[in-house]
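Only one structure is covered here, and it is reproduced in the block below.
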Ligand SMILES: [Zn+2]
């Protein structure tokens, strides 16, 4: 099993830190800023032994040089030469052994072309975990900066096929805004309404809404529901010229969200 905890950074980023319960050696995912990571390591008396990167955006890699500089630790990440400091470039379906767990690499292009996610269900962990960066958010998905709706659809479909109890560790606290949009798409989704209330309570106490579970996302996240009648209808109301295919529905609601 892994102990996984968030290190808040910038306005709404989460840098995920994980280690096995019997070890003080930790990994961090997407350290956009070194400062909060060093503070967390000091505070908890932990030793950073590796870094994982999901994609090239600055708020995910900005702290890599500083954190890796004095430590000589491995930096795992996409096979993208534009990301400085990656020592272990990873490709789709690669596996890496980190802490006591084996992680599988899933290429998830869409938000960026180099985006990868890290999935583990190994060890004695009851709950598989997914570090999905800016591909899948709680209640939403990443903006299409580089990829197409087709690519995002196929990336999300791949994540959607993971076990339902997979915990979803995304890189931003965007949940409340995402759910506001989700409600505009599916005003009659009862599970979504319950989720809105749970999230409001968590946020009123300034607690993270991440991780979610895949099952919860399948029930409430419109970007995983582009084959559902109410979502198809909402997309067709928004853009009557689009088809009912899940990719077109995803394209329409993604563009809608961009201007929501
Ligand atoms: Zn990004």
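Computed from the coordinates by the stated procedures, all read-outs in this text should not be read as laboratory data. Nothing here was measured: the structure is a model prediction, and the numbers come from that model. Using ideal geometry, Cβ is built from the backbone for each residue, glycine included, and neighbour counts are taken over all protein chains shown.
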- Item | Average projected area [Cα convex hull, the range 1-96], square nanometres | 6.2 nm²
- Query: What number, rounded to the nearest 500 deg cm²/dmol, is the helix-based mean residue ellipticity at 222 nm of the chain, given -39500 (n - 2.57) per DSSP H run of at least four residues and division by all its residues?
  - Reply: -10000 deg cm²/dmol
- Taking a ≥ b ≥ c as the square roots of the Cα gyration tensor eigenvalues, with a/c under 1.5 meaning rounded and otherwise prolate when a/b beats b/c or oblate if not, the range 106-176 comes out prolate
- Note on the structure: Taking only the alpha-carbon positions of the range 140-224 as identical scatterers, the Debye log10 I(q)/I(0) at q = 0.13, 0.16, 0.21, 0.26 Å⁻¹ comes out as -0.42, -0.64, -1.09, -1.47
- Note on the structure: Quick note, the range 105-260: a/c under 1.5 would make it rounded; otherwise a/b > b/c is prolate and the rest oblate (a ≥ b ≥ c, C-alpha gyration tensor); here it is oblate
- Item | Cα gyration tensor shape of the range 60-163, rounded if a/c is under 1.5, else prolate or oblate by comparing a/b with b/c | oblate
- Item | Packing-based exposure ordering (other Cβ within 10 Å, fewest first) of 174, 153 | 174, 153
- Task: Calculate the spin-label point distance for residue 150 paired with residue 113, positioning each point 7 Å from the Cα along the beta-carbon direction, and give it in nanometres.
- Result: 1.4 nm
- Restricted to the chain, the DSSP antiparallel beta bridge percent, nearest 5, is 65 percent
- Item | Order of 199, 185 under a 10 Å beta carbon neighbour criterion, fewest first | 199, 185
- Item | Extension gain (nm, one decimal) between residue 122 and residue 177, 0.36 nm per residue minus Cα-Cα | 16.5 nm
- Quote the relative contact order of the chain in percent (integer), defining contacts as alpha-carbon pairs under 8 Å separated by 6+ residues. 13 percent
- Message: With equal scatterers on the alpha carbons only and no solvent term, can you work out the Debye log10 of I(q)/I(0) for the chain at 0.08, 0.10, 0.17 1/Å?
- Response: -0.31, -0.48, -1.32
- So, in nm, how far is label residue 70 from label residue 198 when the simple model puts each one 7 Å beyond its Cα toward the Cβ? 4.1 nm
- Exposure proxy ranking, count of Cβ atoms within 10 Å, fewest first, for 14, 118: 14, 118
- Using 1/(1 + (r/R0)^6) with R0 = 35 angstrom and r between the beta carbons of residue 95 and residue 255, what's the FRET efficiency to the nearest 0.05? 0.45
- Message: Can you give me the distance in nm between label points at residue 44 and residue 12, each placed 7 Å from the Cα along the Cα-to-Cβ direction?
- Response: 2.4 nm
- Note on the structure: If R0 = 45 Å, then residue 184 and residue 5, at their Cβ-Cβ distance, give a FRET efficiency to the nearest 0.05 of 0.85
